[in-house]
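Heads up: the structure comes next, in structure tokens.
A short reminder: the numbers here are calculations on the coordinates, not readings from a lab. Please read all numbers here as calculations on a predicted model, not as lab measurements. Glycine gets a Cβ as well: all are built from the backbone with ideal geometry, and neighbour counts include every protein chain shown.
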Amino acid sequence: MADASNVDAFVEFERVQKSYDGENLVVKDLNLTMPKGEFLTMLGPSGSGKTTCLMMLAGFETATHGDIRLDGTSINNIPPHKRGIGMVFQNYALFPHMTIAENLSFPLEVRNMGKSEREEKVKRALDMVEMGAFGGRRPAQLSGGQQQRIALARALVFEPELVLMDEPLGALDKQLREKMQFEITHLAHRLGITVVYVTHDQTEALTMSDRVAVFDDGRIQQIAPPDQLYESPENSFVAQFIGENNTLEGTVKEIKNGIALVQLDDGELIDCKPVNVSQPGERTRVSIRPERVEYNKDRLQAGVHTLKAEVLEFIYMGDIFRTRLRVAGNDEFIIKTRNAPDQVRLQPGQQIEIGWLPEDCRALDA
Amino acid sequence: MSDITQSGPVLAADGRPLKRSLARALRMQKIRALMLIAPLLLFVLLTFILPIADMLFRSVENRIVQDTLPQTVVAVQDWDADSGEAPPDAVYEALAYDLVVAAERKQHTRVGTRLNYETPGISSLFRKAGRRVDEVGEGYLKQFAALDPAWGEPQTFMSVFADPEWLASRAGAGDEPPFQLSETAHDALPKASGAYMNFARTIQEEDNDSPAEEEPWAPVYMALHSDLAANPQAAQAFSGDAQRLLQEAAALIESGQMETESARDAFVKMDKDWADPEVWRTLKTYAGKYTNGYFLNAADLQKSPDGPELRPEDERIYGTLFLRTLIMSLAITCSCIVLGYPVAWILANLPSRTANMLMILVLLPFWTSLLVRTSAWKVMLQQQGVINDTLVWLGLVSDSDRLVMINNQFGTIVAMTHILLPFMILPMYSVMQTINPTYLRAAKSLGATNWTAFWRVYFPQSVPGIGAGSILVFILAIGYYITPELVGGTKGVFISNRIAFHISQSLNWGLAAALGTILLVIVLALYWAYDKIVGIDNVKLG
Ligand SMILES: Nc1ncnc2c1ncn2[C@@H]1O[C@H](COP(=O)(O)OP(=O)(O)O)[C@@H](O)[C@H]1O
Ligand SMILES: [Mg+2]
């Protein structure tokens with residue numbers, strides 16, 4: 001994916017590695033290319049190296065190996081303050097001894113901007129995050145959400161083309177977080193800035209981003225737009241990590257016409273779309289999204305393989321029903337159905353048959 | 001949730017006002033908390049508050065003059081200190097009555113010492129007078145005795161002055177009760193009664209003797225002469241032998257045949273300085289129960305007819321000392337900041353394991369005796385010391401003019417900076433530890449250079465640590481004693497060394513207390529100014 005000759009590339013990581021202690025690689029062979037104006041999210045479990053990548057881009061950590069380019073020029077040897085990258089920190093890092101206006105004015109002052117121009121820009125930035133009336137306060141006098149907005153405004157006030165955000169909403173409650181997610185994406189698109197956003201919250205990643213890079217173990221497992229990531233995970237880590245997912249384990253019997261016949265461990269056969277398997281005999285982990293499972297016989301395609309299932313638990317969740325089944329020895333098989341007028345409510349103990357479209361069932365690496 | 005719209009006091013569940021219920025609930029907690037701190041409170045009260053109060057009191061207290069020379073103090077009030085002449089004879093007489101008692105009680109040197117603080121030389125005047133004051137009036141003694149040998153008998157004086165009831169009571173067994181004056185004598189012979197009363201009580205208390213067995217000292221005769229001269233009819237009040245004796249004496253005095261003797265001449269004979277009005281001016285000035293004299297002295301001032309005035313230039317020392325103490329403490333504080341800040345910074349930014357190791361090094365000086373450390377500096381800094389040797393060896397300094405680094409201000413500043421440095425580093429460190437390093441990163445990401453990020457973002461947040469350290473170091477320095485004493489020489493000593501001198505050598509505790517009080521006020525004033533300028537809530541000690 002990395003391509004040095006890519007003229008569109010604004011941010012590029014090329015074969016970047018990072019080790020703190022000289023023994024373990026925290027980032028292993030990172031390749032990433034971002035066009036200008038993209039909102040890219042780095043998503044991954046804690047400790048997967050997201051922050052490290054961000055810090056290398058910002059200049060606070062140096063890459064042990066590889067090249068990081070910004071707008072075509074290598075920035076490995078440029079100190080952080082000359083990179084012109086805006087940054088929002090998880091704890092906001094608003095300077096406690098300065099007022100809000102002074103905080104916002106700080107990046108302009110160090111750029112030797114005139115006083116009137118500074119005031120003008122600070123005012124505009126405050127208005128942008130709807131905090132115009134708070135310029136004279138200290139950070140400690142603001143709520144978490146307000147501080148968050150100020151941190152955002154400060155990262156944007158000097159008009160950087162690239163803004164990095166490291167779990168900026170981590171400290172907010174759910175409602176506020178959703179509101180801020182919307183505001184941040186909205187702002188980013190309106191200003192046309194390029195954003196690298198780090199989070200471990202997959203909903204946040206899916207709702208905000210143009211593309212999501214899923215990190216695990218110091219590598220990008222998959223980088224794709226949210227819908228692709230959800231619907232076509234390329235390996236079982238991504239399938240597990242993004243959204244809810246049912247897995248069944250088995251062995252490939254045959255691959256024919258783009259459909260893999262998989263024999264599950266209890267002997268039953270199912271049809272899958274081969275993603276990470278290429279030949280019969282391979283072990284595989286089959287992934288099916290809960291909402292793609294069908295148990296209404298009338299709606300099942302004729303001729304597809306079905307599986308017997310026993311209903312273990314029925315959970316009413318308002319807009320959806322969530323039913324837990326035992327399928328092929330797996331007690332945690334979940335299906336989700338919409339709460340529609342004609343929907344059947346399953347009873348615990350009921351024996352049913354379930355099935356799905358072969359393309360919704362992906363045979364991934366074991 | 002409290003009901004905000006409700007008018008009137010909010011009520012608790014049992015109908016009582018909520019405020020009162022809360023206060024009741026909190027009272028128990030408060031009492032318990034108070035009990036916990038009570039031992040410390042008591043300790044602080046006894047060992048800190050009371051001594052300070054005592055010191056404040058001592059700095060103005062001046063009862064000794066009035067207590068020891070009560071009659072003189074009264075008599076000298078009528079004398080005009082600006083007349084340029086010594087006081088009249090009556091004042092000397094009063095002095096003789098007072099001093100003879102004081103000498104017997106061995107208190108005359110203490111008054112002398114007290115007054116000597118104000119006018120040097122008075123001490124020896126009093127010491128000499130104490131030895132010979134019982135001779136003042138000797139002439140009268142001899143003439144009375146010549147008139148009638150009975151005047152040489154203690155019993156005669158008993159019959160004239162003693163209260164008959166007292167005489168009766170002393171007849172019983174056991175200790176003699178304190179001498180009581182007869183009403184008659186008190187009215188008829190006021191001065192002599194006073195003098196005799198003092199004599200009787202003094203020998204009872206000091207020598208455990210009875211006035212019935214001792215003939216009185218000469219000043220009593222002088223007082224008797226004075227009374228009889230003033231009131232020749234005094235004898236009418238008495239009866240029997242006493243009346244006869246007094247009548248004879250009065251007649252002799254009236255006839256002009258008794259040779260008079262001046263108390264003043266007697267004193268001037270002991271020392272001609274008793275005629276010096278300055279001595280008397282001092283006595284009059286410091287006759288009050290309370291005095292601002294110690295404070296004036298501590299501020300290099302002295303009393304003069306036109307209010308306080310500066311002492312002559314060669315007698316001013318405290319102003320210089322205070323100023324020097326302040327400036328040197330400031331210098332020590334500054335050098336502690338300069339040396340301590342980077343250390344604290346490094347400690348705060350190291351991984352905690354390493355930081356703890358290094359912290360031990362910072363604290364190491366605390367574990368060695370102050371004296372040892374100070375003496376080590378003597379070894380280092382003296383002219384034949386390590387540093388000079390090294391400089392000479394390196395050829396930077398020639399052997400003949402080795403640097404003088406000890407027994408001066410430089411030595412004091414160096415040694416005290418070393419000793420007080422931990423007090424600067426610790427609060428700085430504890431403040432810096434709380435400064436999140438992301439602030440620096442944030443500043444740099446916003447375009448600040450390393451220096452700007454430090455100066456505009458990190459430094460202001462570390463100021464509370466500097467403030468706390470500075471207050472600690474400055475206040476410790478301003479009252480420091482041992483180190484300046486050992487390495488300060490004459491040029492590098494502090495005001496506290498002077499205070500110690502007055503406490504333990506000159507024994508002028510009043511002046512020491514006044515100096516201490518001024519020091520305390522200066523510290524409080526600086527503290528107040530600091531609070532005004534920086535704000536005391538900006539100080540974090542941890
Ligand atoms: N300054 C550092 N020194 C040593 N190890 C570090 C440092 N920062 C991060 N690490 C290690 O690198 C790994 C990745 O950390 P990080 O990039 O912060 O992950 P994430 O942000 O995805 O949670 C973690 O195992 C962490 O312990
Ligand atoms: Mg992180």
Worksheet item: Under the definition of partner shielding as Cβ atoms of other protein chains within 10 Å of a residue Cβ, what is the mean value for peptide A:91-97?
Response: 6
Discussion item. How large is the Kirkwood hydrodynamic radius of the protein assembly as shown, counting all unique pairs of alpha carbons, in Å?
Written reply: 38.7 Å
Worksheet item: Taking every eigenvalue of the Cα gyration tensor of the range A:152-262, multiplying by 5 and rooting it, what semi-axes result, largest first, whole Å?
Response: 35, 15, 12
Worksheet item: Which shape class, rounded, prolate or oblate, goes with the range B:318-538 when its Cα gyration tensor gives a ≥ b ≥ c as root eigenvalues, a/c under 1.5 marks rounded, and past that a/b bigger than b/c marks prolate?
Response: oblate
Worksheet entry | Residue-averaged beta-carbon neighbours from other chains (10 angstrom radius) around B:435-441 | 5
Worksheet item: If one computes the Cα centroid of the range B:437-486 and of the range B:101-151, what distance in Å separates the two points?
Response: 66 Å
Item to complete: Quick one: divide the alpha-carbon radius of gyration of the range B:138-254 by 2.2 N^0.38 Å and tell me what you get.
Response: 1.00
Worksheet entry | Hz values of 3J(HN,Hα) by residue in the range A:95-107 - Karplus curve (6.51, -1.76, 1.60), Gly and Pro given as x | 5, x, 8, 10, 6, 4, 4, 5, 4, 6, 6, 3, x
Worksheet item: Ranking B:Thr483, A:Thr99, B:Thr412 by Cβ neighbours within 10 Å, fewest first, what do you get?
Response: A:Thr99, B:Thr483, B:Thr412
Worksheet entry | Spatially proximal lysines relative to B:Lys19 (Cα-Cα < 24 Å; intrachain offsets below 8 disregarded) | B:Lys30
Practice prompt. At a Cα cut-off below 12 Å, give the aspartates and glutamates reachable from A:Lys174, other chains included and same-chain residues fewer than 8 away excluded.
Written response: A:Asp201, A:Glu204
Worksheet item: Gaussian network model of chain A, Cα springs within a sub-10 Å range: biggest mean-square fluctuation belongs to which of A:Asp266, A:Asp331, A:Asp298?
Response: A:Asp298
Discussion item. At most 15 other C-beta atoms within 10 Å and a DSSP loop state: those are the exposed GluC sites (Glu not before Pro) I care about. Give me the longest piece of chain B that has none.
Written reply: B:260-542
Worksheet entry | the range B:138-254 - charge dipole about Cα centre, Lys and Arg +1 at Cβ, Asp and Glu -1, debye rounded to 20 | 380 debye
Worksheet item: Between their Cα atoms, which of A:Lys50/A:Lys273; A:Lys82/A:Lys123; B:Lys106/B:Lys303; B:Lys142/B:Lys272; B:Lys142/B:Lys269; B:Lys106/B:Lys128 are more than 21 Å away from each other?
Response: A:Lys50/A:Lys273; A:Lys82/A:Lys123; B:Lys106/B:Lys303; B:Lys142/B:Lys272
Item to complete: Please tell me the relative contact order of chain A in percent, rounded to the nearest whole number, where contacts are Cα pairs under 8 Å and at least six residues apart.
Response: 15 percent
Discussion item. Let me understand the range A:231-366 better: what is its radius of gyration from the alpha carbons, and its Dmax, in angstrom?
Written reply: 14.5, 44
Item to complete: Using only alpha carbon pairs under 8 Å that are at least six residues apart, calculate the relative contact order of chain B and give it in whole percent.
Response: 15 percent
Worksheet, complete the sentence: Total charge of the residues flanking B:Leu520 in space, meaning their Cβ is under 14 Å from its Cβ, with Lys and Arg +1 and Asp and Glu -1, is 0
Fill in: For chain A, projected area of the alpha-carbon convex hull averaged over all directions, nm²
22.8 nm²
Worksheet item: Expressed as cubic angstrom per residue, what is the convex hull volume of the alpha carbon set of chain B?
Response: 333 Å³
Discussion item. I want the antiparallel fraction of DSSP beta bridges within the protein assembly as shown, as a percent rounded to 5.
Written reply: 75 percent
Worksheet, complete the sentence: The alpha-carbon center of the range A:108-177 and that of the range A:283-362 are separated, in whole Å, by 48 Å
Worksheet entry | Quarter of Cα convex hull surface for the range B:2-57, i.e. mean projection, nm² | 6.8 nm²
Worksheet entry | For the range B:121-162, with +1 on Lys and Arg beta carbons and -1 on Asp and Glu, the positive-most of B:Phe157, B:Gly121, B:Tyr140 along the dipole | B:Gly121
Worksheet item: In whole angstrom, and with the biggest value first, how far do the Cα coordinates of the range B:373-467 range along each principal axis?
Response: 58, 27, 17
